[in-house]
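J.: Dumping the structure here so I can ask a few things about it.
Throughout, read-outs are computed from the coordinates displayed, never taken from laboratory work. Keep in mind that what you see is a predicted model, and the values were worked out from it rather than measured. Ideal geometry is used to build each Cβ from the backbone, glycine not excepted, and the neighbour counts take in all protein chains shown.
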Amino acid sequence: MRTLVLPQGATWDLFDLCDPDAPAETEFEATAARALGRAYAGYRCVVFGGSFDYEGSIRRPDLALVARDYSHWFVVEVELLSHSLEGHVLPQMRALRFGEPQDDCALVLARELSLHLSQAQTLLRAVPRSTIVIANGHSRDWQVALRALDVGYLSVSAFKAADGREAFEIWGALAPVTESIGFGVFVSADGALRMARTVRLPEGSVQIEAEHGSVGLWTVRRDERFAWISKDQGRPTLPDDARVQLLRNANGRILLRRTDSRTP
């Protein structure tokens, strides 16, 4: 038996491990959603049943875990270890990881997150997303197989005290591959990117990698309304009013990407 002994003021409370095999998948999904909501205050956990098309097959996830600053999000599949890894879990995750999100995905996100449809479409199409499985236990075989698909893996265990209070143990960690820093436009007259003043960049010099792979130094300045990001040497090869996005990858590198219709 696994038991958590948690301090409650001057006393200690015992929380016993709930049987991980007892709940049906829908019950465990609710447990996982509660655990995520309490463990990750910087995210919103919502029901997400939008469809993904992969090689003509439609698959649907269970949840979405969306960063409150909308810099990144996770498509979440809740699974029981009693399910077949090869027959069910891996086909499902290939579809969610590599499939094409359909129009209903934005509709569901807009409803669950109280966003305008255009905002939900931007979240779906432009904001980096990762895919994770949350299971009712840890399996080395699952971890290795999911890692090969670039899919994250967490497990959730529920504990209960004698008075019915819940506690959770989460194995693993959220690991977004890329985060969105913000969107903006290139203003040719100023030779600078114009972004929201609140863009998550410090004032001063930053290193930015352009789409073709070159890296240069840029300077971030702010006025009363906007942040202006200009290249220290040379001029960006961008047309006037080009829509752009700045991303930060897992290594901390800042990437500049086009987001308008001419983006490759």
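J.: Could you point to the residue in Ala161, Cys18, Gly99 farthest towards the positive end of the stretch 2-171's charge dipole, with +1 and -1 charges on the Cβ of Lys/Arg and Asp/Glu respectively?
T.: Result: Gly99.
J.: Calculate the all-directions average of the projected area of the stretch 81-135's alpha-carbon convex hull, and give it in nm².
T.: 4.5 nm²
J.: So what does log10 I(q)/I(0) come out to for the stretch 178-258 at q = 0.14, 0.15, 0.19 Å⁻¹, using the Debye formula with one equal point on every Cα and no solvent?
T.: Reported log10 I(q)/I(0), two decimals: -0.39, -0.45, -0.75.
J.: For the stretch 2-171, what number results from the quotient of the Cα radius of gyration and 2.2 N^0.38 Å?
T.: Details: Rg = 17.1 Å, N = 170, 2.2 N^0.38 = 15.5 Å.
Scaled against compact globular proteins, the figure is 1.10.
J.: Just flag the trypsin sites (Lys or Arg not before Pro) in the stretch 156-264 sitting in loop per DSSP whose Cβ has no more than 12 other Cβ atoms within 10 Å.
T.: Values: sites: Lys160, Arg165, Arg194, Arg197, Arg200, Arg221, Arg222, Arg225, Lys231, Arg243, Arg248, Arg253, Arg257, Arg258, Arg262; in loops: Arg165, Arg197, Arg200, Arg225, Arg253, Arg262.
Those that pass, being in a loop and sparsely packed, are Arg165, Arg197, Arg225, Arg262.
J.: Sorting check: for 107-116, 134-143, which peptide has the highest mean count of neighbouring beta carbons within 10 Å, and how do the rest follow?
T.: Details: 107-116: 16.0, 134-143: 17.5.
Averaged packing, sorted descending, gives the order 134-143, 107-116.
J.: For the stretch 169-248, state which GluC sites (Glu not before Pro) are in a DSSP loop and have at most 13 other beta carbons lying within 10 Å of their beta carbon.
T.: Glu203, Glu224
J.: Can you give me the relative contact order of the chain as a percent, contacts being Cα pairs under 8 Å and 6 or more apart?
T.: Here the relative contact order equals 15 percent.
J.: Can you give the FRET efficiency for Ala126 and Leu149, using 1/(1 + (r/R0)^6), R0 = 22 Å, r = Cβ-Cβ distance, to the nearest 0.05?
T.: So the FRET efficiency works out to roughly 0.45.
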